[in-house]
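The values are calculated or read from the model by the stated rules, or taken from the named source; none is laboratory data. Bear in mind the structure is a predicted one, so any value in this text is a computation, not a measurement. Only protein heavy atoms, including side chains, enter the accessible area calculation; ligands, DNA and RNA are left aside. Shrake-Rupley method; radii C 1.70, N 1.55, O 1.52, S 1.80 Å.
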Amino acid sequence: MSDITTLVDILEPIRGITAVIGGGGKSTLLARGGRALSQRGHRVALATSTHMLPVDGLAYAATLEELAPEARRAPLIQLGCLETSTGKLTAPAEPWDSIAAAADYVLVEADGSRGLPFKAHSEREPQIPSGCARVIYVAGATGFGLPIYDVVHRPQLFRDLLGVAIDEPASPELIAAGIVAEGLVGMPDDLVIVNQAERPGAQRDARALAAALTPLIDCPVFAGSLRDGELVRLA
């Protein structure tokens, strides 16, 4: 039976560093999840190990010491070095263990997907912080059924990984096979979230991904809307 839950209820049980990878909603997960955790009285730090746009309305600095005093005392902080050419944050100058010691939860965007629903990782990706407690893999349901070259970041890597043509549709089964082949999730606290799955057709695709994924790796799968913060446990 499916269980309806919220993003904050998924995040709250596992303290420490969470690396968020994949495509289709990583930044939304950080912003919504971080705010929801902080509203429950937790201290939360947002950061990236690669590049991300700063979360709107939230001060940032390269280190904890460089944060303004009022920001340093806030329940939700953001750390990173500003890359002036892109307006994005890069990895903070503060060591990850220092950030983890200063916050109950550290949510880290650990790869880039250029806004595409799916992601194939190069040998340099993802950049998982040391001491990471869990990995959350995000996939965007809006990409299911469309050609791989349109919806997968680095489609040539995806082609080489699975031996498929890049003009094939990105079916739920293919995306599940890619997740399994990369081997980036599967530890006890890891999970997969299919985002943008509010529509009935998207929910059907999410269930197909869960059905293909869960016999191969022991990993919970959730589907729904990270923007709304409401998800359904599929497996």
Have a look at the DSSP beta bridges in the chain and tell me what percent are antiparallel, nearest 5.
-> 30 percent
How large is the accessible surface per residue of the range 1-116, computed with a 1.4 Å probe and reported in Å² as a whole number?
-> 44 Å²
Going by the alpha-carbon gyration tensor, a ≥ b ≥ c the square roots of its eigenvalues, is the range 1-153 rounded (a/c under 1.5) or, if a/c is not under 1.5, prolate (a/b greater than b/c) versus oblate?
-> oblate
For the range 136-235, what is the accessible area per residue in Å² when the probe is 1.4 Å?
-> 44 Å²
Can you give the Kirkwood hydrodynamic radius for the range 82-235, in Å, rounded to one decimal and based on Cα pairs?
-> 16.5 Å
What residue among ARG43, ARG204, ARG134 has the largest mean-square fluctuation in a Gaussian network model of the chain, using Cα springs under 10 Å?
-> ARG204
Among ALA59, ALA181, ALA141, determine the one that fluctuates most according to a GNM of the chain built with springs between C-alpha atoms less than 10 Å apart.
-> ALA181
Quantify, in whole percent, the carbon and sulfur part of the accessible surface of the chain (1.4 Å probe; protein heavy atoms only).
-> 51 percent
Choose one answer from GLN196, GLN127, GLN156: the residue with the largest mean-square fluctuation in a GNM of the chain with alpha-carbon springs under 10 Å.
-> GLN156
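Per-residue ellipticity at 222 nm for the chain, helices alone: DSSP H runs ≥ 4 residues times -39500 (n - 2.57), over residue total, nearest 500 deg cm²/dmol?
So the calculated ellipticity at 222 nm is -8000 deg cm²/dmol.
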